[in-house]
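See structure below.
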Amino acid sequence: MKILIADDSTSIRKLIIRLIDTAVKSYDLLECSDGEQAILINRSEHPDLILMDIKMKKMDGLTATKKIHFEQPGTPILIISQLSEIEFKEESLKAGATDFLNKDRLYELPDKLKTFIKGKTL
């Protein structure tokens, strides 16, 4: 399983990796810090799952999600953001994301990953 983490915060990426380690036994990790890189990595590596922040430099996560969804509609994308869930969840889903998780609730990530692995859905 290949998992791409797209987040401009190194500390958040490290935290997400620790959470992935609790839920996934074996995976290849791909990392980047902006939406442009996420698109390029998606094209070349075809990850099984993308964990995408919204606010990033160069290109935001919603724009990257739209482009990835257009190029490869079946790619599961979980938006992980500090931004308001009420405001951005619907916008994320419209962009092509599979689900939305607020960073305040990152403790839910292992369960979401286990569910994804079992049924390939978030």
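Data for the structure
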{"item": "Contacts under 7 angstrom Cβ, first residue in segment 102-114 being part of a helix (DSSP H, G or I), partner among the polar types (S, T, N, Q), 6 or more apart", "result": "103/81; 103/82; 110/22"}
{"item": "Criterion: within 11 Å of the chain's Cα centre (by Cα) and either in a helix (DSSP H, G or I) or closer than 18 Å to residue 13 by Cβ (or both) - qualifying residue of 68, 54", "result": "54"}
{"item": "Number of the exception - residue 65 against (1) out of contact with any Asp or Glu (no Cβ under 9 Å at 6 or more places or on another chain); (2) among the hydroxyl-bearing types (Ser, Thr, Tyr); (3) at pLDDT below 95", "result": "(3)"}
{"item": "Checklist (1) buried (at least 19 other Cβ atoms within 10 Å of the Cβ); (2) more than 18 Å from residue 99 (Cα to Cα); (3) not aliphatic (A, V, I, L, M) applied to residue 11, failing item", "result": "(1)"}
{"item": "Cβ pairs under 8 Å, 6+ apart, first in segment 65-76 and in contact (Cβ under 8 Å) with a residue 40 or more places away in the chain, second of a type outside the set (S, T, N, Q) and not in a loop (DSSP other than H, G, I, E, B)", "result": "76/49; 76/50; 76/116"}
{"item": "Selection from segment 1-40 of residues that are among the hydrophobic types (A, V, I, L, M, F, W, C), closer than 24 Å to residue 115 by Cβ, in a helix (DSSP H, G or I) and free of Cβ contacts under 8 Å to residues at least 40 places away in the same chain", "result": "17, 38"}
{"item": "Filter result for residue 84 (modelled with pLDDT of 95 or more, of a type in the set (Gly, Ala, Ser) and over 21 Å from residue 116 (Cα atoms))", "result": "no"}
{"item": "Every residue from segment 21-47 that is modelled with pLDDT under 95, surrounded by 14 or more Cβ atoms within 10 Å (Cβ to Cβ) and either closer than 23 Å to residue 94 by Cβ or of a type in the set (Gly, Ala, Ser) (or both)", "result": "23"}
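The values are calculated or read from the model by the stated rules, or taken from the named source; none is laboratory data. Since the model is a prediction, treat every value here as computed from it, not as a measurement. Cβ sites come from the backbone with ideal geometry, for glycine too, and all protein chains shown count toward neighbours.
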